[in-house]
Amino acid sequence: MRIPNTLTASFCFSLLYSSPSRFPQFASLVPDLGFRSSRKFFTIKRSQVVIKGPFQLGSSYKMDAISGVTSAKQGPNGCGKSMGSCVWASPEGGQKIDIGKHIFCNRAVNMKNIVAVGFDMDYTLAQYKPETFESLAYNGTVKKLVVNLGYPNELLDWSFDWTYMVRGLVLDKRRGNILKMDRHKYVKVAYHGFRLMSKDEKVATYGNTLVRDAFDEPDYALIDTLFSLAEAYLFAQLVDFKDDNPEKISEEKDYFRMYRDVRAAVDLCHRDGTLKQMVANDPKLYINEDNSIVPMLQMLRTSGFAVFLVTNSLWDYTNVVMNFLCGPQKPNGSSSLSLDWLQHFDVVISGSAKPKFFHDENRTNLFAVDTDTGMLINTDNGSPMAQVGAPSLEMSDQMPDKYYKVFQGGNVGHLHKLLNVESSSQVLYVGDHIYGDILRSKKVLGWRTMLVVPELEKEVKLLWHLRDTRKKLILLRSEREQIEDQIHHLKWSLQRDCLDAHEAKKAQSNLDSLEVLLERVRVTHQEAQKVFHEKFHKVWGQLMKTGYQNSRFAHQVERFACLYTSHVGNLGLYSPAKYYRPTEDFMPHEFDVFSL
Ligand SMILES: Nc1nc2c(ncn2[C@@H]2O[C@H](COP(=O)(O)O)[C@@H](O)[C@H]2O)c(=O)[nH]1
Ligand SMILES: [Mg+2]
């Protein structure tokens, strides 16, 4: 458990209730809550090949009590004047970073030890607009279910609430349930379709099992990428539809098969042009414009880092998206495709097939990509190969008129070689997908990782605004526990102590009052907790919490992401020489000792 150094003082409180005569103090809290309401790149001329051959959120941050910004004393300036908006440094030697844009640290990353910084593209560099992009995926999927898989036409009239589903949920494919669980994998919130399951139903289904469910494939699906929000919503709709209209969905299509159909239809939307062609036609409609990316990339490169892109998207689509993000932009927002954006990268690997890419033993060929034609060129572990009958390869020191740094496929070994990386700990990779980008790269490979969690900006800001409420909730929970202890004490005394009649009567009276008070505090606490969570999300509450515990999603972030932040551009707000240090760990006993 970690708490930021700067906030610890505000969490200090003491509750020393020793006798029933102090009960009114418990009750006095209830109405106060306000809840009521080194570069090497390949160069290829048409007939000839030429081969050519890197500074936390620690104690130096002070929270601005009004606005929730911290002022960061920064390290040496690695940012040239030309990079106007890469403003991590200012003449005053520091700048205000909005709390929603902080980079949070689970595991130390010293940028001075990093040689190469890499990026994922979709939902990392490119933030899709869920209201248009996920709706496109939703509509395309529904259409395929009806036209190709024989689902009833009325599905075409359904609509999609893109705000409903959130990351970190788990779909129970066999039972048609959508679950939110804590870090111990205890199901805390459960819906069947869109119907909230009662506590008894939930416990009967998921509680008290001797062998705890892993909640993994094949019976469960993890909503771990923003790409999955539409399919989760559609699955819930289908579950309700089948329950209400069993005659309209063929019998053999149980919940599991319906999920499989939805998955297959979504998958096809990603492959058959349903999504990519539409984005290519009008990127501005589907992707957020972002003028922080280019300055951030420039800052990294001028600071000496090798910068790379590894995306599962293929070259043609990558080129469209990166053109949109890096320009050149035309006044109307459209951009004609150019290769200018490649200047910000040392190596680009499209069609990388992550997470397989992170396994060294994966023998997938690495092809160079002809960026004009999209044609793949054979390479021998990244070194271009001559075709039989074509002119032979030559080595030259001269800068060629056309060079290649775009590849497809391959594995992490190829990438290390291309970047001249000696140790995997020298690489920082920024991605949005815990499984696809982060887990494997850190666990298997030892790369340093940064997870982009766009939901975090709103969550952290809200947490900041609700900090007093949160403190009152902590106080109320503690109050509940202490009343319970008093009740247990009195009950024990009534049963075991030889009390005279007067003492027994007094104890019983105190006990009766305490039980009434406990019920009042319990109801108030529960209601307050519910209202608090609903401020974050009307259905699922705080992304990073389930009740008091970290959510399963938060647990994964903590375990697998060295760093995490709301937006990739936040990297440009910190010094390229920054030493990101984690906040101090706290065990529960330390909370008691230090009154945290
Ligand atoms: N075939 C499928 N492709 C999918 C699916 N969900 C996402 N995607 C595509 O993967 C890449 C992600 O790229 P990255 O930059 O984040 O590595 C992108 O092209 C998506 O369209 C799916 O279910 N099936
Ligand atoms: Mg991605």
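The values are calculated or read from the model by the stated rules, or taken from the named source; none is laboratory data. Please read these numbers as outputs of a predicted model, since none were measured by experiment. Note: ideal-geometry Cβ built from the backbone for every residue, glycine included; neighbour counts use all protein chains shown.
Looking at (1) more than 18 Å from ASP172 (Cα to Cα); (2) assigned to a loop (DSSP other than H, G, I, E, B); (3) of a type outside the set (A, V, I, L, M), find the lone condition where ASP224 falls short. If we test ASP224 against (1) more than 18 Å from ASP172 (Cα to Cα); (2) assigned to a loop (DSSP other than H, G, I, E, B); (3) of a type outside the set (A, V, I, L, M), just (1) comes out false.
Scanning segment 407-424 for residues that are within 16 Å of ligand 1 (Cβ to nearest atom) and either on the phi > 0 side of the Ramachandran plot or assigned to a helix (DSSP H, G or I) (or both) turns up GLY409, GLY410, VAL412, LEU415.
With the structure loaded, tell me whether THR124 is within 16 Å of ligand 1 (Cβ to nearest atom), surrounded by 14 or more Cβ atoms within 10 Å (Cβ to Cβ) and either of a type in the set (Asp, Glu) or not in a helix (DSSP H, G or I) (or both) or whether it fails that test. Spelling it out, THR124 is indeed within 16 Å of ligand 1 (Cβ to nearest atom), surrounded by 14 or more Cβ atoms within 10 Å (Cβ to Cβ) and either of a type in the set (Asp, Glu) or not in a helix (DSSP H, G or I) (or both). Selection of first residues in segment 425-447 that are within 16 Å of ALA353 (Cα to Cα) and assigned to a loop (DSSP other than H, G, I, E, B) and of second residues that are within 13 Å of ligand 2 (Cβ to nearest atom) and of a type in the set (Ser, Thr, Tyr), restricted to Cβ pairs under 8 Å at least 6 apart or on distinct chains, gives the following pairs, ordered by first then second residue: ASP432/TYR123; ASP432/THR124; ASP432/THR225; HIS433/TYR123; HIS433/THR225. One residue stands out among those in segment 445-461 that are of a type in the set (A, V, I, L, M) and touching a helix residue (DSSP H, G or I) at 6+ places or on another chain (Cβ under 6 Å): the one that is nearest to LEU543 (Cα to Cα), which is VAL460.
Looking at this structure, is PRO246 farther than 30 Å from ASP432 by Cβ and of a type outside the set (Asp, Glu)? So PRO246 fits the description; yes.
Looking across THR274, THR311, one residue alone is within 16 Å of ligand 2 (Cβ to nearest atom) and either at pLDDT below 95 or of a type in the set (S, T, N, Q) (or both). It is THR311.
Contact map, segment 126-141: first residue more than 26 Å from GLY327 (Cα to Cα), second residue in a helix (DSSP H, G or I) and among the acidic types (Asp, Glu), Cβ cut-off under 7 Å, separation 6 or more or different chains; pairs are THR141/GLU231. Scanning segment 519-541 for residues that are surrounded by fewer than 20 Cβ atoms within 10 Å (Cβ to Cβ), β-branched (Val, Ile, Thr) and under 19 Å from GLN482 (Cα atoms) gives a single hit, VAL523. Within segment 387-406, if we keep just the residues that are assigned to a loop (DSSP other than H, G, I, E, B) and either at positive phi or surrounded by 15 or more Cβ atoms within 10 Å (Cβ to Cβ) (or both), the residue that is modelled with the highest pLDDT turns out to be LYS405. Across segment 316-325, the number of residues qualifying as within 30 Å of GLU422 (Cα to Cα) and either hydroxyl-bearing (Ser, Thr, Tyr) or surrounded by fewer than 22 Cβ atoms within 10 Å (Cβ to Cβ) (or both) comes to 1.
The test for being within 30 Å of ALA577 (Cβ to Cβ) and in a loop (DSSP other than H, G, I, E, B) does not hold for SER338.
Please work out which residue is surrounded by the fewest Cβ atoms within 10 Å (Cβ to Cβ), limiting yourself to segment 542-596 and to residues that are hydroxyl-bearing (Ser, Thr, Tyr) and modelled with pLDDT of 95 or more.
TYR579
The residue list ARG107, ARG212 contains one member that is in a loop (DSSP other than H, G, I, E, B) and modelled with pLDDT under 95, which is ARG212.
This table checks each residue for (1) within 19 Å of MET165 (Cα to Cα); (2) under 26 Å from the mean Cα position of the chain (by Cα); (3) assigned to a loop (DSSP other than H, G, I, E, B).
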residue: LEU229; (1), (2), (3): yes, yes, no
residue: GLN237; (1), (2), (3): yes, yes, no
residue: ASP240; (1), (2), (3): yes, no, no
residue: GLU252; (1), (2), (3): no, no, yes
residue: ARG260; (1), (2), (3): yes, yes, no
residue: LEU285; (1), (2), (3): no, yes, no
residue: ASP290; (1), (2), (3): no, yes, yes
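If you go through segment 432-439 one residue at a time, do you hit one that is surrounded by fewer than 22 Cβ atoms within 10 Å (Cβ to Cβ) and away from ligand 1 (no atom under 16 Å from the Cβ)? No, every residue in segment 432-439 fails to be surrounded by fewer than 22 Cβ atoms within 10 Å (Cβ to Cβ) and away from ligand 1 (no atom under 16 Å from the Cβ). State yes or no: is SER478 surrounded by 18 or more Cβ atoms within 10 Å (Cβ to Cβ) and modelled with pLDDT under 95? Taking the combined requirement at face value, the residue does not satisfy it. Among the residues of segment 486-501, not a single one is part of a helix (DSSP H, G or I), out of contact with any Lys or Arg (no Cβ under 8 Å at 6 or more places or on another chain), of a type in the set (Ser, Thr, Tyr) and buried (at least 18 other Cβ atoms within 10 Å of the Cβ).
Once segment 241-284 is narrowed to residues that are farther than 29 Å from ILE178 by Cα and in contact with a Leu (Cβ under 9 Å, 6 or more places away or on another chain), the residue that is nearest to ligand 1 (Cβ to nearest atom) is VAL279.
Of all the listed residues (ASN323, ASN288), the sole one being over 28 Å from LYS442 (Cα atoms), at pLDDT 95 or above and within 16 Å of ligand 2 (Cβ to nearest atom) is ASN288.
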